[in-house]
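The values are calculated or read from the model by the stated rules, or taken from the named source; none is laboratory data. Because the structure is a prediction, the values reported are computed rather than measured. Here the Cβ positions follow ideal geometry from the backbone for every residue, glycine too, while neighbour counts run over all protein chains shown. Ligands, DNA and RNA are stripped out before the accessible areas are found, and what is left, the full protein with its side chains, is counted by its heavy atoms. Shrake-Rupley method; radii C 1.70, N 1.55, O 1.52, S 1.80 Å.
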Amino acid sequence: MPVRNIPMNPGAMTLPAWLRHLLPPLAILGIGAAILAAMVLTRPEPPARSEDERVWRVEARTVQPRPISPTLTLYGRLESPRASTLSAGVTADVEAVPVREGRSVAAGDELVALDRSDLAATVEQRRADLAEAEAQLAEARVTHKANKRALTHQRELVGIAERGVERAERLADKDVASPEQVDSAQQALEQAQLALNRERREVESFNARIDRLKAQKKRARAQLEQAKRDLARTRITAPYAGRITGVEVAPGDRVRPGDPLVGMYDTSALEVRATIPGPRAAAVRRALASDEGVTAEVRVDGRTLAARLDRLGGRSPEGASGVEGLFRIQGEAPEGLALGRFAEVLAELPPRPGLVAVPPAALYEQDRIYVVRDGRLAALTVERVGQKAVAGGPGRLLLRAEGLRSGDRVVTTQLPNASEGLRVRVADEAGDA
């Protein structure tokens, strides 16, 4: 079969002009990339570095389980069971008010003076009534003696009158005396008998009359004593040493019985009423019933006062599950304390055995601490017993743990990756807790 020569088209293999210009740079870039890849693939491997186990730097506190008294921090208000409002006992004008609010007074100091003139006149009138009653009583006794003598004399007169009647009747039987004479003698006898009855009644009623006059005298004396007391009430004095909380009157005011005059409280009977949380109430009750009791420090107005739990309140605060504790300030309170002031109470409960005191940072997840043993962390589950106040610093947590030994070092640094067996180094070790 004859072969046919097919002519080639020179324009069919020709590249566009713009592509021909890009071919050299693309070729250079491709060659460079191939060389870089070859260098990366053929580079020598660096020798592997050996890393040591990391050691964490921590602070620790050496502990010694022992009896420690938990401290209960409470908040309350200052009050006094002997806070009084002195009121007027009589109707009178205010004459003078020698005290001012906030002043301290001693027992017996005059607080308010009322006008005495009207009440002094009443006292004199009651004295006169008593004197009159005494005079009437004395007069009744004298009259009784006279009545007794008169009764004896009247009995004699009755006897004379009876003999006169008998004589007149004998004479009338002999027609010597007229019937009129008999009637006159009979009339004299009846009059004598009437007089005798009157005298007898006066004598017999003496005791009743004396009782009545004695009652009048007693009433007059009671009225005199009442008038004296009313007169004494014109001088209102302090019933005890204390501080004035308010003055309600001024000179010239007219007061009536029951009107308030002055308020005060006993500075030797100050208390702090503080709410004890429900979870701590049982422990406080046990401590109060024990021989040790509950001592406390009260911080108020920058002062620290010694106190003692005196009793628990008779009712729970509204909306709270706890109870109210009344802490009695020991000794005389310093000047300037006002009722109602906010107070912080640090109550110390009886010691509990086997406790350690650590900073709050030592506690993990509310129930775990770490101790350093052989350079590694060992976790211990703990029981939170309470807190312990530290003068001039933050408080400490009181913990108890079964596996905690004397001399153990408790970690006081919060590590974000704390775990059993973590390697640590103690940098700063505190003293015994």
*Whole Å is fine, so just give me how far the alpha carbon centre of segment 57-96 lies from that of segment 382-398.*
21 Å
*Might you tell me the accessible area per residue for the chain, computed with a 1.4 Å probe and given in Å²?*
62 Å²
*Nearest-ten-degree value, helix 17-41 long axis tilted from longest Cα axis of the chain*: 70 degrees
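Show me the ranking of peptides 394-404, 198-208, 234-244 by mean Cβ neighbours inside 10 Å, starting with the highest.
Values: 394-404: 17.2, 198-208: 14.1, 234-244: 18.8.
Ranking the peptides 394-404, 198-208, 234-244 by packing returns 234-244, 394-404, 198-208.
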*Tell me, how many Å apart are the Cα centres for segment 116-143 and for segment 339-354?*
63 Å
*Assign one of three labels to segment 273-342, namely rounded, prolate or oblate, based on the Cα gyration tensor with a ≥ b ≥ c the square roots of its eigenvalues; rounded applies when a/c is under 1.5, prolate when it is not and a/b is larger than b/c, and oblate otherwise.*
oblate
*Nearest 20 debye, what's the magnitude of the dipole of segment 343-402 about its Cα centre given +1 on Lys and Arg Cβ and -1 on Asp and Glu Cβ?*
140 debye
*Quick one: angle between helix 179-204 and the longest Cα principal axis of the chain, in degrees between 0 and 90, rounded to 10, please.*
20 degrees
_Compute the helix-to-body angle for 278-289: its Cα long axis versus the longest principal axis of the chain, expressed 0 to 90° and rounded to tens._
50 degrees
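Classify the chain: rounded, prolate or oblate, from the alpha-carbon gyration tensor (a ≥ b ≥ c, eigenvalue square roots; a/c under 1.5 rounded; otherwise prolate if a/b is larger than b/c)?
prolate
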